[in-house]
Amino acid sequence: MRRALPVLLLLACATGAACDDPDDDDATDDDDATDDDDDATDDDDATDDDDATDDDDATDDDDATDPCPDGSIPTAGTDVDLQLVIDGLSRPVWIGHSPDGTGRLFVAEQEGALVEVSTGVRIPYLDVADTISISGYDERGLMGVAFHPAFAANGRVFVNYVSSGGTEGVSRVSEFEVTGDPLLEAPDPLSERVLLELDQPAFNHNGGDLAFSPVDGFLYTGFGDGGGSGDSYGNGQNKDTWHAKILRLDVDSKTLPYGIPADNPFANDPEHRPETWAWGLRNPWRFAFDRLDGTLWIGDVGQNSWEEVDLGVAGANYGWPETEGLHCYRAGCDPSLYEAPVHEYPRESGVSITGGRIYRGCTLPDLDGVYLYSDFSNNSPLWSLTRDPAGVVAEGPVQQDRTGARISALGEDEQGEVYVADYNRGRLLRVVPR
């Protein structure tokens, strides 16, 4: 087995320079149809639909071959493969969908383009490239996207990207708006409304993910510790900064540019920034909410020894740089003072965690509720975790150590099917039954 301890995963790059991977050019690594209507045996009787190949009966929907919403067929078992959806992408770092019933799927490219890929063709949608400057190995650029839960009505799209300027760039969370029909048109590039900006002292550890909670409807976004190695800028345990944090914002508040949710854990604590929801993170590279129960899963990139997965807890301090995974990074630390990861793996097994997604699709019913994640290696793995009713996290049934892709992100479509982004080869791949 790769690792001995069942702990949770979080995105983080190892050292502070370039993730220890000698071929690491990625900004994400932080060193930093079976319906048988024509069949003579087809059972159209509304009181009986026992035909295993057809289930048109509204009174019976237990047929194992009923097609999924996208036309695929549910397949028993947990053996998976990766199926090409589209290639020709440039440094894909985020995958997601618009919550509007259209089934549209989007990919964010690091250089600044958000593109629609639903039809297997790359269609430009939104571009912030004019304000971005990256070259070679870099962790700047377009990092995260989130469509407002009511996007079909309000056309609001939020992005987290690192612009030019500042010391080594400025992380910016902005809102763009579709001024016409959100189901037919793209956001107006001139509609940008900046919510917050954070100066970055180094090119790495920028975090940058964005997600709306399915439970409270607030917008969550994350930042790393500012870069370098070993918490060079002292932000890990600094309460008075947005670095090394996950923030929680009310973007529907009448207060501009955003409101502070009244139940934010530090809303009334003068020592903390009121936006802070969780802290002590090194570089949270990809976090995701379970669409069923709202649990937040975080991948936090480690320094030299351990990559970790965390479960989101309001107000939690995850310990960086006192701890790395379940272990002391600084000699003499007390790990019991910090929120422990639910899973960890050693650097011998990977170089930088790529936080994943909880499978809630139709095609692989035996993976329902399984957390799929990866590592930003040249030949990335596809691993999984399970969480039982008591909250115990353990290694899951998907344990592929090599996929042939360099996975920078995992995402899901509107139906809950999971996809991975192959950073080096510019591909979008779907997780399918083997």
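The values are calculated or read from the model by the stated rules, or taken from the named source; none is laboratory data. Note that the structure is a prediction, hence the values are computed from the model and not measured. Neighbour counts run over all protein chains shown; Cβ positions are idealised from the backbone, glycine included. Note: areas computed on protein heavy atoms with side chains; ligands, DNA, RNA excluded. Shrake-Rupley method; radii C 1.70, N 1.55, O 1.52, S 1.80 Å.
Could you check how much of the accessible area of the range 79-122 is carbon and sulfur, as a whole percent, using a 1.4 Å probe?
42
Checking the a/c ratio against 1.5 first, then a/b against b/c, what shape does the Cα gyration tensor give for the range 119-174?
oblate
Using 0.36 nm times the number of residues separating I73 and A150, minus their current alpha carbon distance, what extension gain do you get?
Using 0.36 nm per residue and subtracting the Cα-Cα distance, I get 24.7 nm.
What whole number of Å gives the distance from the Cα centroid of the range 217-242 to the Cα centroid of the range 155-175?
Computed from Cα coordinates, the inter-centre distance equals 16 Å.
Which of N238, G226, I298 sits farthest toward the positive end of the charge dipole of the range 223-312, with +1 on the Cβ of Lys and Arg and -1 on the Cβ of Asp and Glu?
Working it through, the farthest residue towards the positive pole turns out to be G226.
Starting from 0.36 nm per residue, how many nanometres of slack lie between D199 and E271 once their C-alpha separation is accounted for?
23.9 nm
Placing +1 at every Lys and Arg Cβ and -1 at every Asp and Glu Cβ, with all other atoms neutral, what dipole size does the range 130-289 have around its Cα centre, in debye to the nearest 20?
For the range 130-289, the charge dipole is close to 260 debye.
Treating the beta-carbon of each Lys and Arg as +1 and of each Asp and Glu as -1, no other charges, what is the dipole magnitude of the range 314-383 about its Cα centre, to the nearest 20 debye?
For this selection, approximately 180 debye.
Leaving out ligands, DNA and RNA, and with a 1.4 Å probe, what % of the accessible surface on the range 327-434 is carbon or sulfur?
Taking all protein chains in place, the range 327-434 shows 44 percent carbon and sulfur surface.
Mind listing P(r) for the range 150-272? All alpha-carbon pairs, 10 Å bins, whole percents.
Answer for the range 150-272: a P(r) of 12, 39, 34, 13, 2 percent.
Only Cα pairs under 8 Å and at least 6 apart count here; give the relative contact order of the range 260-402 as a rounded whole percent.
Averaging sequence separation for qualifying contacts and normalising by length gives 17 percent for the range 260-402.
Where only protein heavy atoms count, and the probe is 1.4 Å, what is the accessible area per residue for the range 205-304 in Å²?
Each residue of the range 205-304 exposes 32 Å² on average to a 1.4 Å probe.
Multiply the residue separation of L183 and L337 by 0.36 nm, subtract the distance between their alpha-carbon atoms, and state the gained length in nm to one decimal.
50.6 nm is the gain from fully extending L183 to L337.
So with the 1.4 Å probe, I'd like the accessible area per residue for the range 103-177, rounded to whole Å².
31
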